[in-house]
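Scroll down for the structure; my scribbles are underneath it.
The values are calculated or read from the model by the stated rules, or taken from the named source; none is laboratory data. Keep in mind it's a predicted model, so treat the numbers as computed, not measured. Quick reminder, even Gly has a Cβ in these numbers, built from the backbone with ideal geometry, and neighbours come from all protein chains shown. With ligands, DNA and RNA removed, areas are computed over all heavy atoms of the protein, side chains included. Shrake-Rupley method; radii C 1.70, N 1.55, O 1.52, S 1.80 Å.
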Amino acid sequence: MLSLSIVLPAYNEEANAASAVEQVSAVAQQLGMDYEIILVNDGSADRTGEIGRELEQRIPNFRLVEHYPNRGYGGSLKAGFAAASKELIAFTPADKQFDFSEITLLLERLDEADIVSGYRADRQDAFIRKLNALGWNTVVRLLFGRLCRDIDCGFKLFRREILEHVNIASDGAMIDTEFLAGAKSRGYRITDVPVTHLPRVTGEATGANLKVIVKAFRDLARFRLRLSRELREEMDNGR
Ligand SMILES: Nc1nc2c(ncn2[C@@H]2O[C@H](COP(=O)(O)OP(=O)(O)O)[C@@H](O)[C@H]2O)c(=O)[nH]1
Ligand SMILES: [Mg+2]
């Protein structure tokens, strides 16, 4: 049985963090795997850090990683990945928009893939977010071919070794695209499974503001160029 690191990025999640970690912990204890849970406090202005330190007193195999100032969704995930020590890494947001017990659906697919992404068959976000996602997934597919159905789904599982071969520069919303495209172009297999998506009940989603979107598209163009250059260099060095 492979071992598992579970990363939860958190930005101003004082209303969700404790119950999110308790839910993940309850599921992880049933998996029969060697596991660790890592909550990443991404420069929150609220009590997320304090709550994380309190959780360290009572949640088994739990660790808080925190940094200031806020780095962004990608930056928080990368901090969690860097702290992870197990063979597999799963990530799920601290706002409880996924049912972590469905991790078993992702684990089941590891025999056919190196990265298993959830996809939000029934996405519980505003219409504008769905429209943005459609546009984003279409542009990414044009630039990198098919990666998976729902590129930015925040519930994924992958083999940690991939991080040794794929360098992720973005600290923003581009992280999933960089990771998936970088992994696919190095021959790693990607698959996806439908997962339940829950509405955000408390706290504020900031994933859709215009600044984030414009930055992501600019980063996308830069990444396309960088990936081609990296692959050429790897070819030249016979890797
Ligand atoms: N938006 C945002 N979320 C962050 C950041 N750092 C960590 N997160 C966490 O990343 C997860 C996803 O963010 P969210 O805004 O809910 O994005 P959405 O669900 O795609 O709308 C949440 O658990 C956030 O707390 C950040 O700088 N910005
Ligand atoms: Mg969310």
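General observations
- Amide H contacts of Ile6: Glu36, Ile37, Ile38, Ala90, each under 5 Å away and 5 or more positions distant or on a separate chain (H built 1.01 Å from N in the peptide plane; Pro and chain starts excluded).
- Sum of side-chain charges, Arg109 neighbourhood, beta-carbon under 15 Å (Lys, Arg +1; Asp, Glu -1): -3
- Both the radius of gyration and Dmax for the range 93-177 are 13.6, 37 Å, in that order, over alpha-carbon atoms.
- Exceeding the 22 Å Cα-Cα cut-off - candidates Lys78/Lys130; Lys184/Lys211; Lys96/Lys211; Lys78/Lys156: Lys78/Lys130; Lys184/Lys211; Lys96/Lys211
- A prolate overall shape is assigned to the range 6-116, the ratio a/c of its alpha-carbon gyration tensor axes (a ≥ b ≥ c) being 1.5 or greater and a/b exceeding b/c.
- Length added when fully stretched, Glu108-Arg149, from 0.36 nm per residue minus Cα-Cα: 13.0 nm
- Spin-label model, Leu31/Lys211: points 7 Å from Cα along the beta carbon direction are separated by 3.5 nm.
- Placing +1 on each Lys and Arg Cβ and -1 on each Asp and Glu Cβ, with no other charges, gives the range 44-171 a dipole about its Cα centre of roughly 280 debye.
- Karplus (6.51, -1.76, 1.60) ³J(HN,Hα), θ = phi - 60°, over the range 140-152, in Hz, Gly and Pro reported as x: 4, 5, 5, 7, 10, x, 6, 9, 6, 5, 10, 4, 8
- Protein heavy-atom surface of the chain, 1.4 angstrom probe: 53% of the accessible area is carbon and sulfur, with nucleic acids and ligands not counted.
- For peptides 121-127, 211-217, 166-172, 75-81, sequence by mean Cβ density within 10 Å, most packed first: 75-81, 166-172, 211-217, 121-127
- Net charge of Cβ neighbours under 15 Å - reference Phe179; Lys, Arg +1; Asp, Glu -1: -2
- Note on the chain: with charges restricted to the Cβ of Lys and Arg (+1) and Asp and Glu (-1), its dipole about the Cα centre is near 960 debye.
- Remark: the Tyr68-Phe127 segment gains 18.0 nm on full extension, using 0.36 nm per residue and subtracting the alpha carbon distance.
- Beta bridges from DSSP with both residues in the range 3-238: antiparallel share about 25 percent, rounded to the nearest 5.
- Counted charge near Phe144, where neighbours are those whose Cβ lies closer than 13 Å (Asp, Glu -1; Lys, Arg +1): +4
- Residue ranges 3-13, 147-157, 108-118, 227-237 sort as 3-13, 147-157, 108-118, 227-237 when ordered by packing (mean number of other C-beta atoms within 10 Å per residue, highest first).
- With all protein chains kept in place, the per residue accessible area of the chain amounts to 47 square angstrom at a probe of 1.4 angstrom.
- Rg [Å, one decimal], Dmax [Å, integer] - the chain, C-alpha atoms: 17.1, 51
- From helices alone, the chain scores -13000 deg cm²/dmol at 222 nm; the rule is -39500 (n - 2.57) for each run of n ≥ 4 DSSP H residues, then divide by the residue total.
- The distance linking the range 94-111 with the range 1-53 is 14 Å (Cα centroid to Cα centroid, whole angstrom).
- Rough spin-label spacing in nm, given labels placed 7 Å along Cα→Cβ, for Arg232 and Leu198: 4.8 nm
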